[in-house]
Amino acid sequence: MSIHMHFRAVPIEEIQEDFGWLTEFMLAAWDKHSEEYASGISTSIEPFSHVNDLFTNGSDGGEDPGERSTLPIYGGRHIEDPNHVDLGFLILDPNQVHAAAEFLQTAFDSLWKAAGAQLYGRINGWNDAQMKNFYLPYYLDLQAFYQRAASAGHAMIKVVWA
């Protein structure tokens, strides 16, 4: 099973904090993900678990879900699924997007220093440099996306698709 984390930059005034609206909006965005990615208003990470491991093993977020909310890929107001079937959505306001963009400007080396040794043994025969080069493009994409969203003053909606 493939797990994607989908990020969508949106002007804050356009967001309705309603589970039904968010579901429709993000499903429509996912349907046009290639176009939205090309225009710079959307990104996704797949396999999400790899980047998740980099952030949770290499930050103060650790394994405590409450502390994970401080990380750029986890933070935001949670809009819960009223039926408790899906994980729901996360919404970052423009100030949170800006803070995440600032964090991502310099975090890779410290994340890698903390997590790299735990991660590079996962693919047989790969050394530290090869694994770092595997993770770096995911990180750089996320860094550039948050920077564009912050520069535009956008909020962000996030969802995990499985």
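Computed from the coordinates by the stated procedures, all read-outs in this text should not be read as laboratory data. Just so we're clear, the structure is a prediction, and the values are computed from it rather than from any experiment. When we count neighbours, we look across all protein chains shown, and the Cβ atoms used for this are built from the backbone with ideal geometry, even at glycine.
The base-10 log of I(q)/I(0) for region 1-54, evaluated at q = 0.17, 0.22, 0.23, 0.29 Å⁻¹, reads -0.61, -0.92, -0.97, -1.15 [Debye formula, identical scatterers on Cα atoms, solvent excluded].
Check the straight Cα-Cα distances from LYS158 and name the lysines below 24 Å, setting aside those fewer than 8 residues away within the same chain. Excluding near neighbours in sequence, the set is LYS32. Our note on the geometry: Cα centres of region 3-25 and region 141-162, 11 Å apart.
A compact globular protein would have a Cα radius of gyration near 2.2 N^0.38 Å; the ratio found for region 89-162 is 1.29.
In this simple spin-label model, placing a label point 7 Å from the Cα along the Cα-to-Cβ direction at both LYS32 and ILE12 gives a separation of 2.4 nm.
Taking 0.36 nm per residue of sequence separation and subtracting the Cα-Cα distance, how much length would be gained by fully extending the chain between LEU87 and PHE103, in nm to one decimal?
Numbers: separation 16, 0.36 × 16 = 5.76 nm, distance 2.50 nm.
Here the segment from LEU87 to PHE103 would lengthen by 3.3 nm.
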